[in-house]
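S.K.: Take a look at this one; I'll ask things after.
The values are calculated or read from the model by the stated rules, or taken from the named source; none is laboratory data. This structure is a prediction, so every number in the text was calculated from the model and none was measured. Heads up, the Cβs are rebuilt from the backbone with ideal geometry, glycines too, and the neighbour counts pull from every protein chain shown. Please note that ligands, DNA and RNA were not included when accessible areas were found on the heavy atoms of the full protein model with its side chains. Shrake-Rupley method; radii C 1.70, N 1.55, O 1.52, S 1.80 Å.
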Number of protein chains: 2
Amino acid sequence: MQETTRLAGLIQERINDTLSHHRAALAPLGPDAHALLDEAFGFLTGGKRFRAQFAVLGFRAVAPLDLVGELSPELDRVLDAACALELFHAAALIHDDIIDRSDTRRGRPAVHRLFATMHEQQGWMGAADHFGLAGALLLGDLLQSWADELMNRACDATADRGAARQARDHFNRMRSEVAVGQYLDVLEEQQPTFAGHEEQLERSTRVLVYKSAKYSVEAPLLIGAALAGASPEVEDALSEFGLPIGVAFQLRDDQLGVFGDEELTGKPIGDDLAEGKRTVLVTLAREHLPTTQRNIFDGLLGTDLDPEQVMMMQRTIRESGAVERVEDMISRNVERATESLRSAPVLPDAAAQLMVLAERAARRAS
Amino acid sequence: MQETTRLAGLIQERINDTLSHHRAALAPLGPDAHALLDEAFGFLTGGKRFRAQFAVLGFRAVAPLDLVGELSPELDRVLDAACALELFHAAALIHDDIIDRSDTRRGRPAVHRLFATMHEQQGWMGAADHFGLAGALLLGDLLQSWADELMNRACDATADRGAARQARDHFNRMRSEVAVGQYLDVLEEQQPTFAGHEEQLERSTRVLVYKSAKYSVEAPLLIGAALAGASPEVEDALSEFGLPIGVAFQLRDDQLGVFGDEELTGKPIGDDLAEGKRTVLVTLAREHLPTTQRNIFDGLLGTDLDPEQVMMMQRTIRESGAVERVEDMISRNVERATESLRSAPVLPDAAAQLMVLAERAARRAS
């Protein structure tokens, strides 16, 4: 556990150093630019850091890494890559919240709300909401660039050019897939009707895999492992482990998006329902609903819901048996991952820690 | 001229190859993702390609580059960097149009409008405008990533690691500065009153320099030159040339934003006035206006203007003498650049072509 705390500290420190460096570099643009940096610091002082941790463990699956002693060159570049993932994730969340019109994130106002509030407080001209959108969009763009810079630094410091290129390829693929996955997610919400059950399940699963499962677990693992010079066999093994854990991670997210404790998730209760997300959970819940009930359910999904309506929909989902089915799926995915890890050619220490982190990802309450 | 045509063809070809590669890579995400790629192709089939051309000339300022014969390894990586700039620029414009609520770009509907129209035509649920925003935001994110990939490929193929790192640094600085410059631009539009003349001119000039001048000319030149292994002296000389040409480029843009021919600019006439842009042109126009006239002018700026109001504001600007002052500034900047180029340590062929391209950037009508 000491290692986990130490790692969390190192990650936060590297993020702060990165942002401070950019604040200094941008000084010639004057003090008005500070608001962007302030919001970046604020946003990046939270979060669960799953991606950073999986990247570090990906490296440790292949090569030892001392977290406790003095900062080694290896740890230095793994930290760059891990923080690149966190910065990229921050950018994705900031843009996501614009797209999903989410006003809350990590228990604080979403970034576009913070910029809008700044506008209101200063008594500026024009629409505060639109200024909020502009500020958040540009901060997301900035963080995307800075993520990329960190990733480059990690790769430049990697003597094995093939390894560096491999890490870069994983990073690139991840970025494309998550943006397109997010697009497919938005597209689902626009459809006037659900597809037939099988097709809908396929569509919802595709979004789950690309928007989250690969992005949250598999890609970070592969990026870390590649930096350590992983062989194709090791990469395959980490995919075999990472993808089902990523699926479990997102299925848990589906549950939390409907039943999560607002205090813990930092998101309003039933958020996914009001946003009209066609998650696997929702798709399974609808499968066996009688037509009348299903029509009511569909009519409410994606609308401004009052607390009673949220409770009604939660009850419908619970009574449909979908919650247990999703729990089963989570368990089966964790088992599948555990099973594959047993014979995986990864360092034993890392394997043990991977299981701990995987359990946390699959069982978390926030 | 044959070379210019050949270069335009090579750039378009490289852009198309890049997008086709991504289309294939994203095939597992299904056909729904095609719309994103289609919009990318559509958007990237136009534009003046100033940035790509300046990057190529930056390289040629340092080392010869045969555009006409078979594709050399040098030309190959310069094309990657040049197209990285074009993809990044497309992303920036797509996000800009969201922020500026611009419905037209290059004579076509802006990307967020295209996605909104798709939504309307398909009869989907929810707000078409918001879907338009989501699609455009995500396409911008994608193009940003892809720009970055191309830039990496250019750097990876550069044997001189120092040169590669230098090119990357220029690219990184450019990305940060243009996003923050854009933020400062938006911030200006929100201010309830103009600052005093001197301060306002300083603020408007800062936006001009960071949002456009460095980004449009100086940075592309430096990126190209760095890839060719430019010495600090050559880089300084290219900055001495590039920055004033960039300033002239944006001052021309200010003129076109108020007086430009809609048919040529692909933007509604008087666009900058309706958007409330506090350009150098507008700031100079206000300087000596009598209070009453200035209040009327300020009251109209940034509002929905009818054609008569646009004409009235154009007249005010013209009668203020600001148009001539800006023309003088453009000429002085071009002269300064020409002067500095005379003694610059760059290859003579490139110097001649730099002057041609600089004149086009400063005198263009679109």
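S.K.: Find every distance from the label point of B:Gln191 to the corresponding label point in the other copies (7 Å from Cα along Cα→Cβ) and write them in nm, one decimal, shortest first.
M.R.: Listed shortest first, these distances are 5.0 nm.
S.K.: For the range A:53-199, report the accessible area per residue in Å² (1.4 Å probe, heavy atoms, rounded to an integer).
M.R.: Values: 4700 Å² over 147 residues.
For the range A:53-199, the per-residue accessible area is 32 Å².
S.K.: If I model a spin label at A:Val356 and A:Ala157 as a point 7 Å from the Cα along the Cα→Cβ vector, what separation in nanometres do I get?
M.R.: Between A:Val356 and A:Ala157, the label points sit 2.4 nm apart.
S.K.: Across the residues of A:149-157, average count of Cβ atoms on other protein chains within 10 Å?
M.R.: On the way: counts 8, 0, 2, 10, 2, 0, 3, 5, 0.
That average works out to 3.
S.K.: Excluding ligands, DNA and RNA, what is the accessible area buried between chains B and A, summed over both sides, using a 1.4 Å probe, to the nearest 100 Å²?
M.R.: Details: alone 16800 and 16780 Å², together 28290 Å².
Between B and A, the summed buried area is about 5300 Å².
S.K.: Starting from the amide H of A:Arg105, placed 1.01 Å from N in the peptide plane, find each other amide H under 5 Å away whose residue is 5 or more places distant or on another chain.
M.R.: A:Ala110
S.K.: How many angstrom lie between the Cα centre of the range B:173-196 and the Cα centre of the range A:64-107?
M.R.: Between the Cα centres of the range B:173-196 and the range A:64-107 lies a distance of 27 Å.
S.K.: Provide the net charge surrounding A:Gly69, with neighbours chosen by a C-beta distance below 12 Å and charges set as Lys +1, Arg +1, Asp -1, Glu -1.
M.R.: Working: positive: A:Arg6; negative: A:Glu3, A:Asp66, A:Glu70, A:Glu74.
So the surrounding residues net to -3.
S.K.: If you roll a 1.4 Å probe over the range B:304-366 with all protein chains in place, what percent of the accessible area is carbon or sulfur?
M.R.: Details: 1880 of 3640 Å².
Ligands and nucleic acids excluded, carbon and sulfur give 52 percent.
S.K.: Taking beta carbons within 10 Å but only from partner chains, what does the mean come to for residues A:123-131? Intermediate results must be reported in sequence, preceding the final value.
M.R.: Numbers: counts 2, 5, 7, 7, 2, 1, 0, 6, 5.
Mean shielding count: 4.
S.K.: To continue, here is another question. Roughly speaking, to the nearest percent, how much of the range B:3-109's 1.4 Å accessible area is carbon and sulfur?
M.R.: Details: 2040 of 3820 Å².
Its accessible area is 53 percent carbon and sulfur atoms.
S.K.: Set the Förster radius R0 to 60 Å, insert the Cβ-Cβ distance between B:His197 and A:Glu335 as r into 1/(1 + (r/R0)^6), and round the FRET efficiency to 0.05.
M.R.: Numbers: r = 72 Å, r/R0 = 1.19.
It comes out at approximately 0.25.
S.K.: Further, regarding this structure: Take every residue in peptide B:191-199, count the Cβ atoms of other chains within 10 Å of its Cβ, and give the average of those counts.
M.R.: Working: counts 4, 5, 1, 0, 0, 0, 0, 0, 0.
What the average comes to for B:191-199 is 1.
S.K.: Heavy-atom accessible surface, probe 1.4 Å, ligands and DNA/RNA ignored: which residues of the range A:17-38 lose at least 50 Å² versus the isolated chain?
M.R.: Buried on complex formation: A:Leu29, A:Asp32.
S.K.: Rolling a 1.4 Å sphere over the protein heavy atoms, what is the accessible area per residue of the range A:215-366, to the nearest Å²?
M.R.: Working: 6580 Å² over 152 residues.
Counting only protein heavy atoms, the per-residue value for the range A:215-366 is 43 Å².
S.K.: Among the helices of chain B (complete DSSP H runs), which have Cα atoms covering no less than 27 Å along the helix axis and a Kyte-Doolittle mean of at least 0.0?
M.R.: Qualifying helices: B:73-99, B:128-156, B:232-259.
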